[in-house]
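Undergrad: Structure incoming, see below.
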Amino acid sequence: MTLRIPFHTVRLLKTAMAGSCRGLETNHRALATSFRERSRTWLQFAKRVARLAGGLQGLGVRPSDRVAILAHNSDRFTEYFFAVARAGAVFVPINTRLAIPEIAYWIEDSASQILPIDDAFLPLLADLKRHIPCVRHVVYIGEAPPPSGLVSYEGIIGQHARQVN
């Protein structure tokens, strides 16, 4: 499993993040991300990032808030990274090789309010939750339907058609 992102990603995303549509207009049909069976064009990617940023704001994320992520690389990780910036928040990637006490420390020390988590880290969640009271929402970014009590990543994107300015 590899996440493939074309080399020109940074240039196009800087354009998209700046609010200019020039890069998207000229390359909107080009491949932006490909992960497992999912492939997205730049236009699809930009729309998903905008919706996710609106969804984060809907969950209470404000500029300068910290939001973590505990997941392996994927297209959703990439979308989340840019959505966090678009929402004005601070991205806190958690090292996936840490033990539970260290993960909890990183999350609490950063005061992260949102924690997306993928399938690889679901088994740790029950133990982890006791040590991270600052986290208001745990977002499931895995492949299956979200477990009970977790917010659906795709649900956030689907429910928040409003785009962030």
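The values are calculated or read from the model by the stated rules, or taken from the named source; none is laboratory data. Values in this document were obtained by computation on a predicted structure and should not be read as measured data. So basically every Cβ, Gly included, is an ideal-geometry build from the backbone, and we count neighbours across all protein chains shown.
Undergrad: Any chance the range 122-132 includes a residue that's surrounded by fewer than 16 Cβ atoms within 10 Å (Cβ to Cβ) and not in a helix (DSSP H, G or I)?
TA: yes
Undergrad: A follow-up question, please. Kindly list, by first and then second residue, each pair from a residue in the range 77-92 that is on the phi > 0 side of the Ramachandran plot to a residue that is buried (at least 22 other Cβ atoms within 10 Å of the Cβ), limited to pairs with Cβ atoms under 9 Å and residues at least 6 apart or on different chains.
TA: 88/53; 88/61
Undergrad: Right, here's the next one. Anything in the range 119-140 that is of a type outside the set (A, V, I, L, M, F, W, C) and either in contact with a helix residue (DSSP H, G or I) (Cβ under 7 Å, 6 or more places away or on another chain) or under 18 Å from residue 156 (Cβ atoms) (or both)? List them, or say none.
TA: 119, 127, 131, 136, 137, 140, listed by residue number.
Undergrad: Here is a follow-up. Could you tell me which residue of the range 133-161 is farthest from the chain's Cα centre (by Cα), considering only residues that are surrounded by 13 or more Cβ atoms within 10 Å (Cβ to Cβ) and among the charged types (D, E, K, R)?
TA: So the residue we want is 136.
Undergrad: Okay, next question. Can you name the residue in the range 87-103 that is buried (at least 20 other Cβ atoms within 10 Å of the Cβ) and out of contact with any Phe, Trp or Tyr (no Cβ under 8 Å at 6 or more places or on another chain) and, of all such residues, is nearest to residue 156 (Cα to Cα)?
TA: Of everything passing the filter in the range 87-103, 87 is nearest to residue 156 (Cα to Cα).
Undergrad: Right, next: Would you point out which residue out of 84, 49 is crowded, with 18+ Cβ neighbours inside 10 Å, touching a Leu at 6+ places or on another chain (Cβ under 8 Å) and under 18 Å from residue 116 (Cα atoms)?
TA: Only one candidate qualifies: 84.
Undergrad: Kindly indicate the residue of the range 139-162 that is within 14 Å of residue 79 (Cα to Cα) and in a loop (DSSP other than H, G, I, E, B) and also modelled with the highest pLDDT among those meeting that condition.
TA: Checked the range 139-162; the qualifying residue modelled with the highest pLDDT is 141.
Undergrad: Would you be able to tell me the number of residues in the range 48-70 that are basic (Lys, Arg) and free of Cβ contacts under 8 Å to residues at least 60 places away in the same chain?
TA: 2
Undergrad: Quick one: which helices (runs of 4 or more DSSP H) lie wholly within the range 1-107 and hold at least 2 residues that are modelled with pLDDT of 95 or more?
TA: Details: elements: 9-17, 22-27, 42-58, 75-86.
Those helices (runs of 4 or more DSSP H) span 42-58, 75-86.
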